[in-house]
Each structure stands twice: as structure tokens, then as C-alpha cells.
Amino acid sequence: MKLNELRDNPGAAKKSKRVARGPGSGKGKTAGRGIKGQKSRSGVAIGGYEGGQMPLYRRLPKRGFTKPNAKSFAVVNLGQLQAFVDAGKLDAKAEITEDVLVASGVVRRKLDGVRVLAKGEIKAKLKLAVTGASKAAIEAVEKAGGSLSVATVAAAE
């Protein structure tokens, strides 16, 4: 096989429709935009405009509130921890801190701390030290024979 013999799979690359290229193209003259009106012209941004009627997004009341100082935690599930222990990326005998979790690639970054949740199963005896954990996660780790210490109690609990 040579470079000039390389081809895409049939049907993989669809040719784009060339509009406004004469009557034979099937999209000539008005280029599929119909005749006259705002939408047939260029530079149109209608969005939520309803012809002068109060738009729906302004008719409906505002709801909710975003807390300006809300903490955001990096979430780790027990199943993930078990998978990393099985793969040999986490040492089950050593204490597992947040820095160890970042270094091994379980979480990308700590954010305001790491929070352990009880999704999945844990079989390894782990000694975890994290910012937060759910009650079910603490019970599951202790049931497996490990320990989970929470540094600061999260406001969500």
C-alpha cells in the first residue's frame, strides 16, 4: 500500500452540500432560505425573540440560588479505589492520603478536598485519610478491615 492508495471507508466522509451554485445544484438561487424575510438575510440572531411579545425566558420566575462560597470536592468511589489497588497503582499497605490519590491518578486535582462515596465494593484493607466521606463509605471500609479518617466534617453531611 502506498500513500496515494489511501482511501477513506465508503460513506465515512460525506460531501457537504454546496449552496448557491446555480439551479442544477438543487440549492441554487435562494440557497434553501426561502424568499424574503429576516431569516433569509445574513447576520440574523433571533434566539428567544418572540416578535415583541414578552419572551418565555422573561415570563417565567427566577428560581434557585447559587452559593458563592460553595465547596466543590473531588469525588472518589470505593469501586475506583479497589480497581486501582488491583491494578497495583495504589499501595494498600501504606496510608492513602489525598496527595497519594492525586499522584496515582485516581483524582485529577484535589479541589477543596477529596470525598469518598460508597459506590462499588471494597475488599482491600485500606487506611484512608480524606476531607470527607459518606457514612456508608466509612462503614464499608471498616467492614473490609480498614479505616477511614475524615479530616474536616463537610457541611453537606
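Each reported figure results from applying straightforward, stated rules to the coordinates on display, with no laboratory input. Keep in mind the model is a prediction, meaning the values are calculated, not measured.
For this structure, a couple of remarks:
- Per residue, the chain reaches -4500 deg cm²/dmol at 222 nm when only DSSP H runs of four or more residues are counted, each adding -39500 (n - 2.57).
- In sequence order, region 104-113 has phi-based couplings of 7, x, 5, 10, 6, 8, 6, 6, 8, x Hz under the Karplus curve 6.51 cos²θ - 1.76 cosθ + 1.60, θ = phi - 60°, and Gly or Pro positions carry x.
- Distance between the C-alpha centres of region 40-88 and region 97-114: 25 Å, rounded to the whole angstrom.
- For region 132-137, the Karplus equation 6.51 cos²θ - 1.76 cosθ + 1.60, evaluated at θ = phi - 60°, returns couplings of x, 7, 7, 4, 5, 5 Hz by residue, with Gly and Pro reported as x.
- Cα-based shape type of the chain, given that a ≥ b ≥ c are square roots of the gyration tensor eigenvalues and the cut on a/c is 1.5: oblate
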